[in-house]
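Inspection log for the structure reproduced underneath, given as structure tokens.
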Amino acid sequence: MHSHPLVSIITPSYNQASFLEQTLLSVLNQAYPKIEYWVIDGGSTDESAEIIKRYASRLAGWVSKKDRGQADAINKGFSKATGQIVGWLNSDDLYYPGAIAGAVEAFRQHPEASFVFSDVESIDEHGKAFNLMRYGDWTLSDLMTFKIIGQPGVFMRRAVLEQAGFLDLSYNYLLDVHLWLRMAAIADPHYVSGAIWAAARIHSDAKNIAHAEDFGSEAFRIARWLGEEERFYPLSSKLFKKTWAGAHRLNAFYLVEAGQYKPALKAYWKMLRLAPSAAKGTFKRIGYAALGAIGAPTIRDRYSFWRAKQYQKKQEDADD
């Protein structure tokens, strides 16, 4: 890989004018010399098009017309991308300074990787960080048990992306999970420990909040697909119970987000019956669900608020 390979970034956009400018600037202000930036807007009816026009001279190109949803918009961007490395950043998320240079360096050190990824911070609608999503040195077998990677922290090798095929339009929520699995089946990804390249914005209109209860059905669909696809064999048979336990764990996680505590506890119980080891790191979450189920969500909410405050304080202390 050349010292400064071209990096293509795709931003799909639809009616998120309140966050879009911050997203665009987080890419355009990267101190990396070779960026090709495509913005694919789905025909927004808010001020999105005006915001994009303001920065049009610094973009490789942009469109604003009706599409078949997020996956379709991203695929349009993928088909336009000519860089060796490709990133996709949703219109409410952010890259931190040095993200693209960090990803390029990771690929320089690991040219065989299908994609490289970092930890991702959660930020609120005001841009305040309140949580760090930590990942690990995960390979295909980890991803097959629903170890979830934060999508804005991922940069892909375009050759592998094209070999794997673009996003499947029939997925609305776990479209990235489905893509990472197909890419990891070709070559293992590489995790850059200690790096935080991106922030995922959590707000009331975000899909993971607004449609939290729909994530589980796609997780079960992916679990079935993993068992049927030859490319995942024989791993899929060895990991059968862990895969399904992971699907139930993911379903439970989002049910808690949606405030559906009793169904979440049922999902956690199914997870435990299939693979007790899948419970690692979920006990606080199970406690949340139990408190919610007995009608004590205020304790849960206070604890969440306290945790967010502690994280913000830690960040402020580190900045001083």
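The table below gives the values:
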item	result
Of the criteria (1) touching a Phe, Trp or Tyr at 6+ places or on another chain (Cβ under 7 Å); (2) surrounded by fewer than 21 Cβ atoms within 10 Å (Cβ to Cβ); (3) farther than 22 Å from residue 120 by Cα, which one residue 196 fails	(3)
Selected residue (criterion: modelled with the lowest pLDDT) from residues of the stretch 246-261 that are in contact with a Lys or Arg (Cβ under 8 Å, 6 or more places away or on another chain) and among the hydrophobic types (A, V, I, L, M, F, W, C)	256
Positions within the stretch 91-142 being modelled with pLDDT under 95, farther than 27 Å from residue 49 by Cα and among the small types (Gly, Ala, Ser), in sequence order	129
Members of the stretch 239-277 that are in contact (Cβ under 8 Å) with a residue 60 or more places away in the chain and in a helix (DSSP H, G or I)	242, 243, 245, 246, 247, 249, 250
Elements of type helices (runs of 4 or more DSSP H) contained in the stretch 51-146, each with 3 or more residues being assigned by TED's automatic domain parsing to the domain that holds residue 32 and β-branched (Val, Ile, Thr)	none
Residue match in the stretch 170-180 (condition: over 21 Å from residue 101 (Cβ atoms), without any contact (Cβ under 8 Å) to a residue 24 or more places away in the chain and not assigned by TED's automatic domain parsing to the domain that holds residue 267)	yes
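The values are calculated or read from the model by the stated rules, or taken from the named source; none is laboratory data. All values derive from a computational prediction rather than experimental measurement. Here Cβ is always computed from backbone atoms with ideal geometry, including for glycine, and neighbour counts include all displayed protein chains.
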